[in-house]
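Step one of this worksheet: look at the structure below.
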Amino acid sequence: MNNEQFLILSYFIVGALVLAIGLAVYAYLRRPLMGITRTFQSTYLGLILRRLFPFGLVLPALAGFLSVDYHGCKGNYAEIIADRSYLVEKNQEQISSACFFLTGALLAWGVIVLISLAARPENPVPGGNVERNPR
């Protein structure tokens, strides 16, 4: 396999790996998020958070993957594909960048959920503070 074929194949393999990492993180955190959003008084807020959650994890991972530039130190395409170690280094940089973006997305989702939990009323059940058996 020459370096050009390696570049193409490794690009798609790393892209699939990054997509799988984003989906795995979503699958792992989906159930805890569902449990948290069930406690919201407004069902629309919970629905919006549940619908945006997969996109809010997979898209940042893909954005991190796509943010890596192959033209960093090398000038043209022939120089890029001439060095296989440079291609492997860029693949590792893509995975690292995708994980960094995913970590940022998880931090942002944590802040969103924390604000949503803090903004909900203390007692979401109507009439919950009224004593039922006054004596």
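Where a number appears in this text, it was derived from the coordinates with a stated rule and is not lab data. None of these values were measured; they are calculated from a predicted model. So basically every Cβ, Gly included, is an ideal-geometry build from the backbone, and we count neighbours across all protein chains shown.
Tell me which residues, restricted to the range 15-36, are in contact with a Lys or Arg (Cβ under 9 Å, 6 or more places away or on another chain) and either touching a residue at least 40 places away in the same chain (Cβ under 8 Å) or closer than 22 Å to F100 by Cα (or both). R30, L33 - these are the residues of the range 15-36 that are in contact with a Lys or Arg (Cβ under 9 Å, 6 or more places away or on another chain) and either touching a residue at least 40 places away in the same chain (Cβ under 8 Å) or closer than 22 Å to F100 by Cα (or both). Pairing each residue of the range 76-88 that is closer than 15 Å to Y11 by Cα with any residue that is basic (K, R) and surrounded by 13 or more Cβ atoms within 10 Å (Cβ to Cβ), provided the two are 6+ apart or on different chains, yields C-beta distances under 6 Å for I80/K74.
The rows are residues; the columns are (1) small (G, A, S); (2) surrounded by fewer than 17 Cβ atoms within 10 Å (Cβ to Cβ); (3) touching a Gly at 6+ places or on another chain (Cβ under 9 Å).
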{"site": "Y28", "(1), (2), (3)": "no, yes, no"}
{"site": "L45", "(1), (2), (3)": "no, yes, no"}
{"site": "V88", "(1), (2), (3)": "no, yes, no"}
{"site": "A108", "(1), (2), (3)": "yes, yes, yes"}
{"site": "S116", "(1), (2), (3)": "yes, no, yes"}
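Scan the range 68-86 for residues that are closer than 22 Å to F100 by Cα and surrounded by 15 or more Cβ atoms within 10 Å (Cβ to Cβ) and the total you get is 3.
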